[in-house]
Amino acid sequence: MTLKLNMLPPSVNNMSVRVFVRAAGLPFEEENVWGQTGSDEYKAKVPSGLTPSIEAEGLPKGAMWESCAVMMYLASREGLTNLYPADLERRSMVDSANFYTLSILYPLVARATYPRLSFSGYPGEVSTSDASDEGKESARKAAEDAIPAILEVYNQFFLADSPFIGGDEPSIADIRLASTLEFLAITDLELPGWLQEYMERVESTLGDAYSEPAGDVRGYIAQATGEAVAS
Ligand SMILES: N[C@@H](CCC(=O)N[C@@H](CS)C(=O)NCC(=O)O)C(=O)O
(Lines give C-alpha, C1' and ligand atoms only; values in the text may rest on other atoms or scores of the structure.)
Protein backbone atom coordinates (compact mmCIF):
# COMPACT_ATOMS: atom_id res chain seq x y z
CA MET A 1 0.00 0.00 0.00
CA THR A 2 1.45 3.35 -1.05
CA LEU A 3 1.54 5.98 1.65
CA LYS A 4 -1.57 8.15 1.30
CA LEU A 5 -1.55 11.77 2.41
CA ASN A 6 -4.91 13.45 2.94
CA MET A 7 -4.46 17.19 2.66
CA LEU A 8 -5.87 20.67 2.13
CA PRO A 9 -3.70 22.75 -0.24
CA PRO A 10 -3.98 26.25 1.39
CA SER A 11 -3.06 25.04 4.89
CA VAL A 12 0.42 25.41 6.38
CA ASN A 13 -0.21 22.52 8.78
CA ASN A 14 -0.65 20.46 5.63
CA MET A 15 2.20 22.16 3.81
CA SER A 16 4.62 20.84 6.47
CA VAL A 17 3.91 17.20 5.70
CA ARG A 18 3.62 17.84 1.95
CA VAL A 19 7.13 19.35 2.02
CA PHE A 20 8.39 16.52 4.20
CA VAL A 21 7.28 13.61 1.97
CA ARG A 22 8.86 15.34 -1.03
CA ALA A 23 12.11 16.16 0.81
CA ALA A 24 12.24 12.60 2.12
CA GLY A 25 11.80 11.17 -1.39
CA LEU A 26 9.04 8.85 -0.19
CA PRO A 27 6.56 7.31 -2.62
CA PHE A 28 3.18 8.81 -1.76
CA GLU A 29 -0.18 9.73 -3.19
CA GLU A 30 -1.91 12.92 -2.15
CA GLU A 31 -5.63 13.38 -1.91
CA ASN A 32 -7.17 16.81 -1.68
CA VAL A 33 -9.95 16.28 0.88
CA TRP A 34 -11.37 19.80 0.70
CA GLY A 35 -15.01 19.62 1.84
CA GLN A 36 -14.72 15.98 2.95
CA THR A 37 -13.14 16.18 6.41
CA GLY A 38 -16.50 16.24 8.16
CA SER A 39 -17.90 13.27 6.24
CA ASP A 40 -18.66 9.96 7.92
CA GLU A 41 -16.29 8.26 5.48
CA TYR A 42 -13.33 10.49 6.41
CA LYS A 43 -14.12 10.43 10.13
CA ALA A 44 -14.32 6.63 10.10
CA LYS A 45 -10.62 6.71 9.19
CA VAL A 46 -9.58 9.94 10.93
CA PRO A 47 -11.98 10.62 13.83
CA SER A 48 -10.51 14.08 14.51
CA GLY A 49 -11.69 15.21 11.08
CA LEU A 50 -8.34 16.94 10.69
CA THR A 51 -5.69 17.18 8.02
CA PRO A 52 -2.91 16.44 7.34
CA SER A 53 -3.44 12.75 7.94
CA ILE A 54 -1.75 9.71 6.51
CA GLU A 55 -2.95 6.23 5.80
CA ALA A 56 -0.15 3.69 5.86
CA GLU A 57 0.41 -0.01 6.30
CA GLY A 58 1.50 -0.96 9.79
CA LEU A 59 -0.20 1.88 11.67
CA PRO A 60 -2.23 0.39 14.55
CA LYS A 61 -5.42 2.11 13.35
CA GLY A 62 -4.46 2.42 9.70
CA ALA A 63 -4.20 6.21 9.90
CA MET A 64 -2.69 9.00 11.98
CA TRP A 65 -2.74 12.79 12.09
CA GLU A 66 -0.87 15.78 13.64
CA SER A 67 1.78 17.16 11.28
CA CYS A 68 4.78 16.82 13.59
CA ALA A 69 3.82 13.33 14.78
CA VAL A 70 3.43 12.22 11.15
CA MET A 71 6.89 13.60 10.26
CA MET A 72 8.45 12.01 13.36
CA TYR A 73 6.86 8.66 12.55
CA LEU A 74 7.82 8.56 8.88
CA ALA A 75 11.36 9.88 9.44
CA SER A 76 11.92 7.33 12.22
CA ARG A 77 10.41 4.50 10.16
CA GLU A 78 12.61 5.30 7.16
CA GLY A 79 15.75 6.07 9.21
CA LEU A 80 15.92 9.62 7.82
CA THR A 81 18.30 11.01 10.39
CA ASN A 82 19.10 13.99 8.17
CA LEU A 83 15.51 15.20 8.67
CA TYR A 84 15.02 13.94 12.23
CA PRO A 85 18.35 13.44 14.03
CA ALA A 86 18.99 10.17 15.85
CA ASP A 87 21.46 11.96 18.09
CA LEU A 88 19.42 12.75 21.19
CA GLU A 89 20.98 16.13 21.85
CA ARG A 90 20.30 17.36 18.32
CA ARG A 91 16.86 15.77 18.45
CA SER A 92 16.10 17.67 21.66
CA MET A 93 16.43 20.94 19.72
CA VAL A 94 14.15 19.66 16.96
CA ASP A 95 11.49 18.38 19.36
CA SER A 96 11.63 21.48 21.54
CA ALA A 97 11.25 23.75 18.51
CA ASN A 98 8.40 21.72 17.06
CA PHE A 99 6.39 21.65 20.29
CA TYR A 100 7.03 25.37 20.76
CA THR A 101 5.91 26.06 17.19
CA LEU A 102 2.71 24.06 17.54
CA SER A 103 1.66 25.09 21.02
CA ILE A 104 2.87 28.69 21.33
CA LEU A 105 3.62 30.20 17.92
CA TYR A 106 0.89 28.58 15.82
CA PRO A 107 -2.11 29.72 17.92
CA LEU A 108 -0.87 33.32 17.63
CA VAL A 109 -0.30 32.94 13.89
CA ALA A 110 -3.81 31.51 13.53
CA ARG A 111 -5.38 34.36 15.50
CA ALA A 112 -3.42 36.96 13.52
CA THR A 113 -4.12 35.46 10.08
CA TYR A 114 -7.29 33.34 9.97
CA PRO A 115 -9.65 36.35 9.88
CA ARG A 116 -7.79 37.74 6.85
CA LEU A 117 -7.58 34.30 5.23
CA SER A 118 -11.33 33.80 5.77
CA PHE A 119 -10.59 30.58 7.66
CA SER A 120 -13.05 29.73 10.40
CA GLY A 121 -11.49 30.30 13.81
CA TYR A 122 -11.68 27.97 16.79
CA PRO A 123 -14.69 28.06 19.16
CA GLY A 124 -14.08 30.47 22.02
CA GLU A 125 -11.80 32.74 19.98
CA VAL A 126 -12.71 36.44 19.80
CA SER A 127 -12.96 36.04 16.01
CA THR A 128 -15.82 33.55 16.36
CA SER A 129 -17.58 35.46 19.16
CA ASP A 130 -20.24 38.14 18.85
CA ALA A 131 -17.65 40.86 19.57
CA SER A 132 -17.79 43.98 17.38
CA ASP A 133 -15.64 44.21 14.25
CA GLU A 134 -13.39 46.65 16.15
CA GLY A 135 -13.05 44.18 19.03
CA LYS A 136 -12.20 41.38 16.64
CA GLU A 137 -9.58 43.45 14.84
CA SER A 138 -8.03 44.57 18.11
CA ALA A 139 -7.73 40.90 19.22
CA ARG A 140 -6.24 39.97 15.83
CA LYS A 141 -3.73 42.81 16.14
CA ALA A 142 -2.79 41.81 19.71
CA ALA A 143 -1.89 38.33 18.43
CA GLU A 144 0.09 39.83 15.55
CA ASP A 145 1.98 42.14 17.90
CA ALA A 146 2.99 39.20 20.11
CA ILE A 147 4.62 37.27 17.26
CA PRO A 148 7.97 39.13 16.85
CA ALA A 149 9.07 38.34 20.42
CA ILE A 150 8.32 34.65 19.87
CA LEU A 151 10.24 34.65 16.60
CA GLU A 152 13.24 36.17 18.31
CA VAL A 153 13.44 33.04 20.49
CA TYR A 154 14.22 30.98 17.39
CA ASN A 155 16.95 33.48 16.49
CA GLN A 156 18.48 33.58 19.96
CA PHE A 157 18.15 29.90 20.79
CA PHE A 158 17.20 27.36 18.14
CA LEU A 159 19.19 28.99 15.31
CA ALA A 160 21.95 30.65 17.33
CA ASP A 161 24.67 28.08 16.56
CA SER A 162 23.58 26.40 13.33
CA PRO A 163 21.98 27.39 10.01
CA PHE A 164 19.07 25.04 10.65
CA ILE A 165 17.34 23.77 13.79
CA GLY A 166 19.48 21.00 15.26
CA GLY A 167 22.23 21.08 12.63
CA ASP A 168 23.57 21.89 9.19
CA GLU A 169 20.66 20.46 7.18
CA PRO A 170 16.96 21.34 7.29
CA SER A 171 15.11 19.20 9.83
CA ILE A 172 11.43 18.56 10.35
CA ALA A 173 11.48 21.53 12.74
CA ASP A 174 12.67 23.82 9.96
CA ILE A 175 10.01 22.43 7.63
CA ARG A 176 7.35 23.04 10.27
CA LEU A 177 8.56 26.54 11.20
CA ALA A 178 9.13 27.83 7.67
CA SER A 179 5.76 26.47 6.54
CA THR A 180 4.03 28.14 9.51
CA LEU A 181 5.66 31.46 8.70
CA GLU A 182 4.29 31.45 5.14
CA PHE A 183 1.02 32.77 6.60
CA LEU A 184 2.74 35.89 7.94
CA ALA A 185 2.62 37.28 4.39
CA ILE A 186 -0.99 38.26 5.09
CA THR A 187 -0.14 40.17 8.27
CA ASP A 188 1.24 43.70 8.60
CA LEU A 189 4.48 42.37 10.11
CA GLU A 190 7.81 43.10 8.48
CA LEU A 191 10.03 40.09 8.85
CA PRO A 192 13.48 40.84 10.27
CA GLY A 193 16.46 40.26 7.96
CA TRP A 194 17.66 37.12 9.77
CA LEU A 195 14.24 35.53 9.30
CA GLN A 196 13.99 36.40 5.62
CA GLU A 197 17.45 34.87 5.14
CA TYR A 198 16.41 31.77 7.10
CA MET A 199 13.26 31.29 5.01
CA GLU A 200 15.29 31.66 1.81
CA ARG A 201 17.87 29.19 3.18
CA VAL A 202 15.20 26.59 3.93
CA GLU A 203 13.56 27.00 0.52
CA SER A 204 16.77 27.06 -1.54
CA THR A 205 18.14 23.99 0.29
CA LEU A 206 14.93 21.97 -0.09
CA GLY A 207 14.22 23.24 -3.62
CA ASP A 208 11.03 22.07 -5.33
CA ALA A 209 10.17 19.89 -2.32
CA TYR A 210 9.45 23.17 -0.54
CA SER A 211 8.46 25.47 -3.39
CA GLU A 212 5.75 23.28 -4.90
CA PRO A 213 3.54 22.95 -1.76
CA ALA A 214 4.42 26.55 -0.81
CA GLY A 215 2.97 27.60 -4.17
CA ASP A 216 -0.48 26.43 -3.09
CA VAL A 217 -0.32 28.42 0.16
CA ARG A 218 1.05 31.50 -1.59
CA GLY A 219 -1.58 31.23 -4.31
CA TYR A 220 -4.33 31.16 -1.70
CA ILE A 221 -2.84 34.18 0.12
CA ALA A 222 -2.59 36.11 -3.14
CA GLN A 223 -6.24 35.36 -3.83
CA ALA A 224 -7.29 36.32 -0.27
CA THR A 225 -5.26 39.54 -0.47
CA GLY A 226 -6.75 40.38 -3.84
CA GLU A 227 -10.23 39.79 -2.50
CA ALA A 228 -9.48 41.94 0.57
CA VAL A 229 -8.28 44.78 -1.65
CA ALA A 230 -11.24 44.40 -4.02
CA SER A 231 -13.87 44.35 -1.27
N1 LIG B 1 -2.00 20.60 15.04
C2 LIG B 1 -2.58 20.04 13.85
C3 LIG B 1 -3.56 21.02 13.25
C4 LIG B 1 -4.43 20.37 12.20
C5 LIG B 1 -5.52 21.30 11.70
O6 LIG B 1 -5.95 22.25 12.40
N7 LIG B 1 -5.98 21.03 10.48
C8 LIG B 1 -7.04 21.81 9.87
C9 LIG B 1 -6.53 22.51 8.63
S10 LIG B 1 -5.34 23.74 9.01
C11 LIG B 1 -8.15 20.90 9.39
O12 LIG B 1 -7.88 19.89 8.78
N13 LIG B 1 -9.42 21.29 9.64
C14 LIG B 1 -10.54 20.56 9.10
C15 LIG B 1 -11.10 21.26 7.90
O16 LIG B 1 -10.72 22.42 7.67
O17 LIG B 1 -11.87 20.67 7.16
C18 LIG B 1 -1.45 19.68 12.88
O19 LIG B 1 -0.39 20.30 12.94
O20 LIG B 1 -1.61 18.75 12.09
Q.
Can you tell me how many residues within the stretch 45-55 are in contact with a strand residue (DSSP E or B) (Cβ under 7 Å, 6 or more places away or on another chain) and surrounded by fewer than 19 Cβ atoms within 10 Å (Cβ to Cβ)?
A. 3
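Please find, among TYR42, TYR73, the residue that is open to solvent by 60 Å² or more (accessible area, probe 1.4 Å), within 14 Å of the ligand (Cβ to nearest atom) and either touching a strand residue (DSSP E or B) at 6+ places or on another chain (Cβ under 9 Å) or assigned to a strand (DSSP E or B) (or both). Outline the logic, then answer.
Numbers: TYR42 fails: open to solvent by 60 Å² or more (accessible area, probe 1.4 Å).
Exactly one residue qualifies, and that residue is TYR73.
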Q: Select from the stretch 115-149 the residues that are open to solvent by less than 60 Å² (accessible area, probe 1.4 Å), away from the ligand (no atom under 13 Å from the Cβ) and in contact (Cβ under 8 Å) with a residue 40 or more places away in the chain and list them in ascending order.
A: GLU144, ILE147
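Might you check whether a residue that is open to solvent by 60 Å² or more (accessible area, probe 1.4 Å) and either within 16 Å of the ligand (Cβ to nearest atom) or closer than 22 Å to SER16 by Cα (or both) occurs anywhere in the stretch 170-188?
Initial filter on the stretch 170-188 (open to solvent by 60 Å² or more (accessible area, probe 1.4 Å)): 185, 188.
Subsequent filtering for residues that are either within 16 Å of the ligand (Cβ to nearest atom) or closer than 22 Å to SER16 by Cα (or both) retains 185.
Checked against the condition, which is being open to solvent by 60 Å² or more (accessible area, probe 1.4 Å) and either within 16 Å of the ligand (Cβ to nearest atom) or closer than 22 Å to SER16 by Cα (or both), the stretch 170-188 yields at least one hit.
Looking only at the stretch 59-67, decide whether some residue is touching a Phe, Trp or Tyr at 6+ places or on another chain (Cβ under 9 Å), touching a residue at least 24 places away in the same chain (Cβ under 8 Å) and near the ligand (Cβ under 10 Å from one of its atoms).
Initially, the stretch 59-67 is screened for residues touching a Phe, Trp or Tyr at 6+ places or on another chain (Cβ under 9 Å), giving 59, 64, 67.
From the residues that got through so far, the ones that are touching a residue at least 24 places away in the same chain (Cβ under 8 Å) too are 67.
Then keep just the ones that are near the ligand (Cβ under 10 Å from one of its atoms); that gives 67.
Within the stretch 59-67 (the criterion being touching a Phe, Trp or Tyr at 6+ places or on another chain (Cβ under 9 Å), touching a residue at least 24 places away in the same chain (Cβ under 8 Å) and near the ligand (Cβ under 10 Å from one of its atoms)), the answer is yes, since at least one residue qualifies.
Does GLU152 count as open to solvent by less than 50 Å² (accessible area, probe 1.4 Å) and of a type in the set (Asp, Glu)? Step through it out loud before you land on a result.
Numbers: open to solvent by less than 50 Å² (accessible area, probe 1.4 Å): no; of a type in the set (Asp, Glu): yes.
No, not satisfied.
Give ALA97, ALA112, ALA23 a once-over and let me know the one that is open to solvent by less than 60 Å² (accessible area, probe 1.4 Å), touching a Pro at 6+ places or on another chain (Cβ under 8 Å) and in contact (Cβ under 8 Å) with a residue 40 or more places away in the chain.
Numbers: ALA97 fails: touching a Pro at 6+ places or on another chain (Cβ under 8 Å); ALA112 fails: touching a Pro at 6+ places or on another chain (Cβ under 8 Å).
When all the criteria are applied, what remains is ALA23.
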Q) With (1) open to solvent by 30 Å² or more (accessible area, probe 1.4 Å); (2) within 30 Å of GLY35 (Cα to Cα) as the list, and PHE157 as the residue in question, which single condition is left unmet? A) (2)
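Being within 8 Å of the ligand (Cβ to nearest atom) and in contact with an Asp or Glu (Cβ under 8 Å, 6 or more places away or on another chain) narrows it down to one residue among VAL33, VAL17, VAL12; which is it? Spell out how you get there, then give the answer.
On the way: VAL33 fails: in contact with an Asp or Glu (Cβ under 8 Å, 6 or more places away or on another chain); VAL17 fails: in contact with an Asp or Glu (Cβ under 8 Å, 6 or more places away or on another chain).
When all the criteria are applied, what remains is VAL12.
The values are calculated or read from the model by the stated rules, or taken from the named source; none is laboratory data. Since this is a predicted model, take the numbers as computed values, not measurements. Cβ sites come from the backbone with ideal geometry, for glycine too, and all protein chains shown count toward neighbours. The protein model used for the area step is the full one, side chains on, heavy atoms only, and it has no ligands, DNA or RNA in it. Shrake-Rupley method; radii C 1.70, N 1.55, O 1.52, S 1.80 Å.
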